[in-house]
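Colleague: The structure under discussion is supplied below as structure tokens; questions concerning it will follow.
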Amino acid sequence: MTRHCSRVWSRHFPIVLALLALSFASVSFGQTSGIEGTYNLTKRKLPDGTIIVPPAVMGALTFTRTQRNLNVFWKGANGKPGSYSLVAVYKLTPTEYTETLWFNAFNDPDGSQGLAYDLSGETKNAAVHREGGRIELTLPFDDVAVVFDGNKLTATVEGAFVDYWEKVR
């Protein structure tokens with residue numbers, strides 16, 4: 001019996017090894033899905049067709065394997081500076097994006113709210129849609145529809161703007 005098990009095991013060992021490698025690759029794929037990197041905001045398109053470019057609007061967005069860090073600056077309609085910053089941890093699977101907020105800070109240049117913080121630590125989910133290398137989702141704390149397509153990223157807030165980002169690394 002031992003000899004038979006040994007023969008079966010030695011014959012199937014390469015297959016088992018290959019399956020293990022594939023399973024690790026698929027787990028790794030969930031963590032390294034192609035969105036990781038640093039993106040710079042190159043322009044913002046407003047609903048009236050106006051295009052705004054740096055230095056009137058600037059931004060940096062970094063996705064590590066587990067964290068998201070976003071900083072955006074713009075000038076409001078009244079010429080006052082506005083900004084939005086967010087730090088969160090996330091997990092991206094083939095079908096779902098889960099994010100846990102560490103904090104965000106919003107400085108609304110056009111409103112009376114002033115600077116507002118969110119330190120809730122809340123977790124939210126969003127559905128992920130994939131087509132080829134294209135990944136679409138709505139970021140749960142920003143309510144921004146994003147599309148990752150190669151080294152390009154578009155971020156849309158319906159009726160407010162479309163931001164165009166390029167991956168720099």
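Colleague: Output ³J(HN,Hα) for the range 74-80: one whole-Hz value per residue in order, computed from phi by the Karplus curve 6.51 cos²θ - 1.76 cosθ + 1.60 with θ = phi - 60°, and x for Gly and Pro.
Modeller: Values, residue by residue: 8, 9, x, 4, 8, x, 7 Hz.
Colleague: While we're here: Under 5 Å between amide H atoms, partner at least 5 residues away or on a different chain: which partners does residue 128 have, H built in plane at 1.01 Å?
Modeller: 96, 97
Colleague: If each residue's Cβ is checked for other Cβ atoms within 10 Å, how do 134, 68, 169 rank with the fewest at the top?
Modeller: Starting with the residue having the fewest Cβ neighbours, the order is 169, 134, 68.
Colleague: When we measure straight from the Cα of residue 75, which aspartates and glutamates land under 14 angstrom away, once same-chain ones fewer than 8 places off are left out?
Modeller: Residue 75 reaches 108, 110.
Colleague: Can you work out ³J(HN,Hα) from phi for every residue in the range 134-146, in order, using Karplus 6.51 cos²θ - 1.76 cosθ + 1.60 and θ = phi - 60°, giving whole Hz and x for Gly and Pro?
Modeller: Result, rounded to whole Hz: 8, 10, 10, 6, 10, 5, x, 8, 9, 6, 10, 7, 10.
Colleague: Take the Cβ-Cβ distance between residue 62 and residue 112 as r, set R0 to 45 Å, and report the resulting FRET efficiency rounded to the nearest 0.05.
Modeller: 0.90
Colleague: Hey, with R₀ at 30 Å, roughly what FRET efficiency would residue 103 and residue 134 work out to, going by the Cβ-Cβ distance, to 0.05?
Modeller: 0.50
Colleague: Something else: Which pairs, out of 45/167; 45/91; 80/152; 80/167; 91/152, put more than 26 Å between their alpha-carbon atoms?
Modeller: Over 26 Å apart, Cα to Cα: 45/91; 80/152; 80/167.
Colleague: In which sequence would 163, 48, 108 go, from the one with the fewest C-beta neighbours within 10 Å to the one with the most?
Modeller: 48, 108, 163
Each value in this text was obtained by applying a stated rule to the coordinates, not by laboratory testing. On a predicted model such as this, the values are computed, not experimentally measured, just so you know. Using ideal geometry, Cβ is built from the backbone for each residue, glycine included, and neighbour counts are taken over all protein chains shown.
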